[in-house]
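Participant: Can you keep this structure in mind? I'll have questions shortly.
The values are calculated or read from the model by the stated rules, or taken from the named source; none is laboratory data. Note that the coordinates shown come from a computational prediction; the quantities given were computed from them, not determined experimentally. FYI the Cβ positions are ideal-geometry reconstructions off the backbone, even for glycines, and counts take in every protein chain you see. The protein model used for the area step is the full one, side chains on, heavy atoms only, and it has no ligands, DNA or RNA in it. Shrake-Rupley method; radii C 1.70, N 1.55, O 1.52, S 1.80 Å.
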Amino acid sequence: MNLFADAATVAEPEGAWGAVAAGAEYFIGIFQQGGEVLWSLMGGILPTLIVLLTAVNALVRIIGPEKIENLGRKAAQPGLIWYPVRYIVLPFLAVFFLTNPMAYTMGRFLPERYKPAFYDSAVSFVHPITGLFPHANPGELFVYLGIAAGITQLGFGLGDIAVRFLLVGLVVIFIRGVVTELITTRMMARKEKAAA
Amino acid sequence: MNNLLVTIGRGVGGVVGTLYQAGRDTVDTVIKNIIPFMAFISFIIGLVLVTGIGDLIANGIKGLAGSLVGLLIVSIVCAIPLLSPLLGPGAVIAQVVGTLLGVEIGRGTIPPQYALPALFAINPQVGCDFIPVGLALGEAEPETVEIGVPAVLFSRLITGPTAVVIAYFASFGMYS
């Protein structure tokens with residue numbers, strides 16, 4: 001027997017006042033839903049993220065980001081074999097160790113004609129890397145996390161898309177580097193010709 | 001013996017100090033960069049889920065985000081040299097669109113294997129607002145910046161759609 005089953009029936013507000021009340025509930029409902037999402041984000045991703053960021057930040061500090069400067073000098077050389085170094089390895093390491101936006105300072109070791117291409121390559125990698133290494137660009141995580149949230153909601157794991165995002169990202173930054181270098185060289189040549 | 005102790009002590013102290021500093025940096029970014037964005041994103045998701053905006057968006061992007069041609073169109077629009085620097089700052093637009101797409105993937109409007117090409121389709125403008133600053137960080141000459149800005153912008157018109165096609169083929173066998 002439930003004593004309270006029918007005890008507390010309050011009539012729904014009706015008429016104009018009812019509409020206002022319903023509107024208020026609808027209004028607050030938006031923020032309740034938003035609050036639930038925020039709570040699930042802070043409870044779900046955030047603790048893992050904090051621990052991961054701490055570990056990787058410590059690792060970067062222990063290794064020392066200045067170690068990759070030598071690679072920057074090497075990548076400045078002309079020749080076909082240095083293309084993958086300049087537009088895959090160097091951007092990856094720069095973004096991993098120096099993070100966005102300091103990664104672009106690695107461009108200072110390259111000759112002028114490679115600088116725009118290296119920037120293009122490095123900046124295009126600051127999102128693909130966030131799937132596995134969010135420390136590299138913590139301010140812009142939701143390009144990946146936003147889409148990943150939908151995948152999680154469907155009940156799938158994120159490993160697959162995170163790795164594919166990273167690998168496709170590496171291919172894409174290589175293409176961007178090569179194409180931009182080509183365009184830059186042609187524009188520079190044209191400008192020199194116009195000046196001469 | 002004494003020397004050994006000092007060395008060990010220093011080493012341990014260094015590692016602990018580094019870890020502690022790393023934790024401090026992390027909490028700093030979490031509070032300054034991550035949580036504010038989470039709040040903003042949560043509001044947008046709440047708005048989309050509760051109001052009818054979600055269905056409107058769903059109808060709008062179903063054709064665009066659910067097919068290769070649609071994604072190519074999105075990537076070309078985002079890569080237009082006049083538009084891309086406007087869409088770039090802070091990746092805010094890419095993040096909002098990414099979140100909206102995530103909501104639609106979660107609701108089943110967009111098949112999950114389109115997540116990968118979509119990640120590239122909404123992002124050919126990445127860093128287009130930042131080219132002069134990025135080049136300055138690389139200590140580029142003013143002449144290089146003058147050429148570099150249009151070079152990157154035009155390059156994106158080619159590489160933006162290319163990235164979508166690569167990602168499309170790379171997404172075969174994912175979540176299906």
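Participant: Could you check the spin-label model distance between residue A:40 and residue B:2? Points 7 Å from the Cα along Cα→Cβ, value in nm.
Facilitator: 6.3
Participant: Still on this structure, please answer the following. Count, for each residue of A:153-165, the Cβ atoms from other chains sitting within 10 Å of its Cβ, then give me the mean as a whole number.
Facilitator: 4
Participant: Per the Kirkwood formula on distinct C-alpha pairs, the Rh of the protein assembly as shown is how many angstrom?
Facilitator: Computed over Cα pairs of the protein assembly as shown, the Kirkwood hydrodynamic radius comes out at 22.5 Å.
Participant: Now for a separate question. Give me the distance between the Cα centres of the stretch B:1-65 and the stretch A:51-83, rounded to whole Å.
Facilitator: Between the Cα centre of the stretch B:1-65 and that of the stretch A:51-83, the gap is 22 Å.
Participant: Which stretch or stretches of the stretch B:73-100 have amide N atoms under 16 Å from the point lying 7 Å from residue B:53's Cα along the Cα→Cβ direction?
Facilitator: B:92-100
Participant: Taking a spot 7 Å from the Cα of residue B:69 along the direction of its beta carbon, which residues of the stretch B:137-176 have an amide N less than 20 Å from it?
Facilitator: B:161-169
Participant: Under a 1.4 Å probe, what is the accessible area of the protein assembly as shown per residue, stated in Å²?
Facilitator: It amounts to 48 Å² per residue over the protein assembly as shown.
Participant: Moving on to the next point. List the aspartates and glutamates whose alpha-carbon lies under 13 Å from that of residue B:32, not counting same-chain residues fewer than 8 positions away?
Facilitator: Excluding near neighbours in sequence, the set is A:140.
Participant: May I pose another question? Once the Cβ-Cβ distance between residue A:191 and residue A:62 is put in as r, and R0 is 51 Å, what FRET efficiency do you end up with, to the nearest 0.05?
Facilitator: Efficiency at R0 = 51 Å is approximately 0.70.
Participant: If R₀ is 41 angstrom, what is the calculated FRET efficiency for the pair residue B:27 and residue A:10, using the beta carbon separation as r and rounding to 0.05?
Facilitator: For residue B:27 and residue A:10, the calculated efficiency is 0.35.
Participant: Another question, then. Averaging sequence separations of C-alpha pairs under 8 Å and six or more residues apart, then dividing by the length of chain A, give the relative contact order as a whole percent.
Facilitator: Contact order relative to length: 19 percent.
Participant: Taking the 0 to 90 degree range and rounding to the nearest ten, how far is the long axis of helix B:142-170 tilted relative to the main principal axis of chain B, both from C-alpha atoms?
Facilitator: Approximately 70 degrees, to the nearest 10.
Participant: Restricting attention to the alpha-carbon atoms of the stretch B:49-176, what are Rg (one decimal) and Dmax (integer), both in Å?
Facilitator: 16.2, 52
Participant: Please give the contour-minus-distance gain from residue B:62 to residue B:92: 0.36 nm per residue of separation, less the Cα-Cα distance, rounded to one decimal in nm.
Facilitator: 8.6 nm
Participant: Quick one: plug the Kirkwood hydrodynamic radius of the stretch A:76-166 (C-alpha pairs) into Stokes-Einstein at 4 °C, 1.567 mPa s, and report D in µm²/s.
Facilitator: The calculation lands on 93 µm²/s.
Participant: May I ask you to work out the translational diffusion coefficient for chain A at 20 °C, viscosity 1.002 mPa s, via Stokes-Einstein with Rh from the Kirkwood sum over Cα pairs, reported in whole µm²/s?
Facilitator: D, rounded to a whole number, is 104 µm²/s.
Participant: Further, regarding this structure: Report, to one decimal in Å, the Kirkwood hydrodynamic radius for the stretch A:134-196 based on all distinct Cα pairs.
Facilitator: Working: mean 1/r = 0.0676 Å⁻¹.
After inverting the mean inverse Cα-Cα distance, the result is 14.8 Å.
Participant: Taking 8 Å as the Cα distance limit and 6 or more residues as the minimum spacing, I'd like the relative contact order of chain B as a percentage.
Facilitator: Taking the mean separation of contacting Cα pairs over the length of chain B, I get 25 percent.
Participant: Right, next: Using the Cβ atoms and a cut-off under 15 Å, what net charge is assigned to the surroundings of residue A:135, where Lys and Arg are +1 and Asp and Glu are -1?
Facilitator: Cβ neighbours under 15 Å give a net charge of 0.
Participant: On to the next question. Please report the net charge: other residues with Cβ closer than 14 Å to the Cβ of residue A:90, K and R +1, D and E -1.
Facilitator: Charge balance in the 14 Å sphere: +4.
Participant: Could you work out Rg/(2.2 N^0.38 Å) for the stretch B:119-161, with Rg from alpha carbons only?
Facilitator: Compactness ratio reported: 1.21.
Participant: Still on this structure, I have one more. Between residue A:32 and residue A:70, what length in nm is gained on full extension when 0.36 nm per residue of separation is reduced by their alpha carbon distance?
Facilitator: Additional length available on full extension: 8.4 nm.
Participant: Among rounded, prolate and oblate, which fits the stretch B:18-75 when a ≥ b ≥ c are the square roots of the eigenvalues of its C-alpha gyration tensor, a/c under 1.5 means rounded, and a/b larger than b/c means prolate?
Facilitator: Judged from the Cα gyration tensor, the stretch B:18-75 comes out oblate (a/c at least 1.5, b/c at or above a/b).
Participant: Kindly express, to the nearest 10 degrees and within the range 0 to 90, the angle between helix B:68-79's C-alpha long axis and the longest C-alpha principal axis of chain B.
Facilitator: 60
Participant: Can you give the angle from 0 to 90° between the axis of helix B:2-29 and the longest principal axis of chain B, with both taken from C-alpha atoms, to the nearest 10?
Facilitator: Value to nearest ten degrees: 30.
Participant: Only helices at least 30 Å long along their axis, Cα-based, and averaging 1.0 or more on Kyte-Doolittle count here, so list those DSSP H runs from chain A. Intermediate values should be presented prior to the final figure.
Facilitator: Values: long enough: A:15-63 (69 Å, 1.28); A:159-195 (53 Å, 0.96).
Going by DSSP H runs, the hits are A:15-63.
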